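Heads up: the structure comes next, in structure tokens.
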Amino acid sequence: MNIQNIIYKVYLRSAMKKIIHIDMDAFYASIEQRDFPEYRGKPLAVGHAESRGVVSAASYEARQYGVRSAMPSKTALRKCPHLIFMPPRFDVYREVSDQIMEIFSEYTDMVEPLSLDEAFLDVTENHKQIASATLIAKEIKKCIAEKTGLTASAGVSFNKFLAKIASDYKKPDGLYIIHPKEAERFVESLEIERFFGVGKVTAQKMHKLGINTGADLKQFSKERLVQLFGKAGHAYFDNARAIDNREVNPHRIRKSIGAENTFETDLEASTRMTLELYQIARRVWERIEEDRFYGRTITLKIKYMNFEIITRSRTLSSPITHFRLFWDTAKEMLSHIDTSEKKIRLMGLTISHNEDTQLPPGGIQLKLEFED
């Protein structure tokens, strides 16, 4: 290796970012167990036990029975008959979240919250002039435990993709560091399901293509990945090489909140479609309540069995602040979808245009869009 390459590698190392991803452990459920000691060590779910209810969060004890967030309550109870349900207390969750964000701000202004319970921190330059990102992560974890009585997991690396993976690697109460010199090898050995942005359906598609690990993914060209996965193919190509050039953005503004579900078997019965849409609407509404994001535009997304996608949007005259209005509007939109000849593979709901978002003069008309 010549001297120029050595100098270049030294420069790269010195220019590396120091990124931390903090993710609270079973945040909602842990707060309930903290505030109600009689439920500690017991399987607990945040949500409603009603027949159409959805699990918002599950304690680690509940997860041992296979209970997961976004799972229908009746399914959760079938897996764990003695599961304890607690209604969500978003005001309490927001209050604890504010405490955690204040702790972050003691170290850096470069904080990008992803939700109430997780955030990216760029500590390359930090208020306390601590050279070690690992030391900062340890201090933050300790401070969170002391001030809130809760545990957090932290991931430390030189980009957001790796830091996010690292925080999930040793949960709960974990701390994992991915160093630059070991990053590519680490990603190559990583199961594809652990890649950030690879969901269950995408993972199944990748397995059919022989992609089971990062090393397998690395064998595909960028052009081929884009052909197979659309725009996400660009990120998959870079991530397989431990590359992520996204900056931590402390001023990111949420533009929408949504959820979608790809069904194991395509839907053809209208009753089943309505039930599935209700479950999705419940998930979206809990996120709306969590973030106090009361928008005016509801978008319904439908993917048919032949992969044709349509979206319909409805904009109301004022922010939607009650679930009943949100659900009635979504249900009415679904009633106008033609399902007489085509089964449905995926459904999704999104809300956008909250009070802080400017709408064009005259608002937005009901529209039907087709995508490739």
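Any read-out appearing in this document is the output of simple, stated calculations on the displayed coordinates, not a laboratory observation. Note that the structure is a prediction, hence the values are computed from the model and not measured. Heads up, the Cβs are rebuilt from the backbone with ideal geometry, glycines too, and the neighbour counts pull from every protein chain shown.
At a glance:
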| quantity | calculated |
| --- | --- |
| Per-pair calculated FRET efficiency, R0 = 25 Å: Arg89 and Glu146 via Cβ, rounded to 0.05 | 0.65 |
| Distance in nm between pseudo-label sites at Gln219 and Asn249 (7 Å out along the Cβ direction from Cα) | 3.5 |
| Where GluC sites (Glu not before Pro) in DSSP loops with at most 15 other Cβ within 10 Å are excluded, longest remaining stretch of the chain | 126-246 |
| The range 256-371: relative contact order as a whole-number percent, Cα under 8 Å and 6+ apart | 42 |
| FRET E, pair Asp338, Arg241, Förster distance 30 Å, beta-carbon r, rounded to 0.05 | 0.10 |
| Above-threshold pairs, the threshold being 29 Å between Cα atoms, out of Lys141/Lys205; Lys164/Lys343; Lys171/Lys301; Lys160/Lys222; Lys141/Lys301 | Lys141/Lys205; Lys164/Lys343; Lys171/Lys301; Lys141/Lys301 |
| Descending semi-axes in Å of the range 59-145, equivalent ellipsoid built from Cα gyration tensor | 35, 14, 11 |
| Distance from the range 295-348 to the range 66-80 (C-alpha centre basis), Å | 25 |
| 3J(HN,Hα) from dihedral phi, the range 202-218, Karplus parametrisation 6.51/-1.76/1.60, rounded to Hz, x for glycine, proline | 5, 4, 4, 5, 5, 4, 5, 8, x, 9, 10, 9, x, 5, 5, 4, 5 |
| Phe323-Met101 FRET efficiency (beta carbon distance; Förster radius 35 Å; 0.05 resolution) | 0.80 |
| Pairs of alpha carbons in the range 181-250 whose separation is greater than 13 Å (percent) | 63 |
| Full-extension gain in nm, Ile309 to Leu228, via 0.36 nm per residue minus C-alpha separation | 27.5 nm |
| Cα-centred dipole magnitude for the chain, charges only on beta-carbon of K, R (+1) and D, E (-1), debye, nearest 20 | 720 |
| Global geometry of the range 256-371, whether rounded, prolate or oblate, following the gyration tensor of its Cα atoms and the 1.5 cut on a/c | prolate |
| Equivalent ellipsoid semi-axes - Cα gyration tensor, the chain, angstrom | 35, 27, 22 |
